[in-house]
Amino acid sequence: MRHSPTSLFLDMANFPERLRELRQQRQLTQVRVAELVGVGIRVYHRWENGAATPHFDALLRLADVLGISLDSLTGRETGGDQAAIHNHELHRLYQQVDQLSDEDQQALIVLLDGLVKRSKVKRMVEHEAATARKPKRSTASKSAAR
């Protein structure tokens, strides 16, 4: 959703909330974002509290760190249905995947698919094991308990 250029200033009123939400979605601390952007924690804290607004170059670095467009960061357009990758290192690598060859991208797909399936199987086995450990009450003991 696009807004007019003059609405940038109106949308910046919601910037502190948007910044906090984006940071929390990515499970980053204020200290970590400040480090990644290259500003002091006090400066960053003022951005999230609405006491100050970042300069343009800091907005660009924030958008890069948070993995979103400048328009999304400033509220000029919604972020869309992008999947959120909360692990910062994984998100950074994800942004570089398009630069890989088709062959490498296919290998990555196979690898990720295998890891996801292995994780699902592991959770199912753990769930089954936990279910099997629960003591089963007989119908006679259920009736006596009532």
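The phi-based Karplus calculation (6.51 cos²θ - 1.76 cosθ + 1.60; θ = phi - 60°) puts the 3J(HN,Hα) values of the stretch 94-110 at 4, 5, 9, 4, 4, 7, 6, 5, 4, 5, 5, 5, 5, 5, 5, 4, 4 Hz, whole numbers, x for Gly and Pro. Note on S101 and V121: the model spin-label points, each 7 Å out from Cα along the C-beta direction, lie 3.0 nm apart. Within straight cross-link reach of K122, meaning Cα distance under 16 Å, which aspartates and glutamates are found once same-chain residues fewer than 8 apart are removed? Partners within reach: D113. Here each label is just a point 7 Å from Cα along the line to Cβ, and for N49 and E21 those points are 2.2 nm apart.
Can you bin the stretch 7-86 into rounded, prolate or oblate? Criterion: square roots of the alpha carbon gyration tensor eigenvalues sorted a ≥ b ≥ c, rounded for a/c under 1.5, prolate for a/b above b/c, oblate for the rest.
Working: a/c = 1.60, a/b = 1.09, b/c = 1.47.
Here the stretch 7-86 falls in the oblate category.
For the stretch 7-86, the Cβ-based charge dipole about the Cα centre amounts to some 320 debye (Lys, Arg positive; Asp, Glu negative; other atoms uncharged).
Once R0 is set to 30 Å, what does the formula 1/(1 + (r/R0)^6) return for the Cβ-Cβ distance between R32 and D57, expressed as a FRET efficiency to the nearest 0.05? Don't skip to the answer; put the middle values down first.
Values: r = 19 Å, r/R0 = 0.65.
Efficiency for this residue pair is about 0.95.
Readers should treat all values here as calculations from the given coordinates under stated rules, not as data from a laboratory. As the structure is a prediction and not an experimental result, all values here were calculated from the model. Note that each Cβ is placed from the backbone with ideal geometry, even for glycine, and that neighbours are counted across all protein chains shown.
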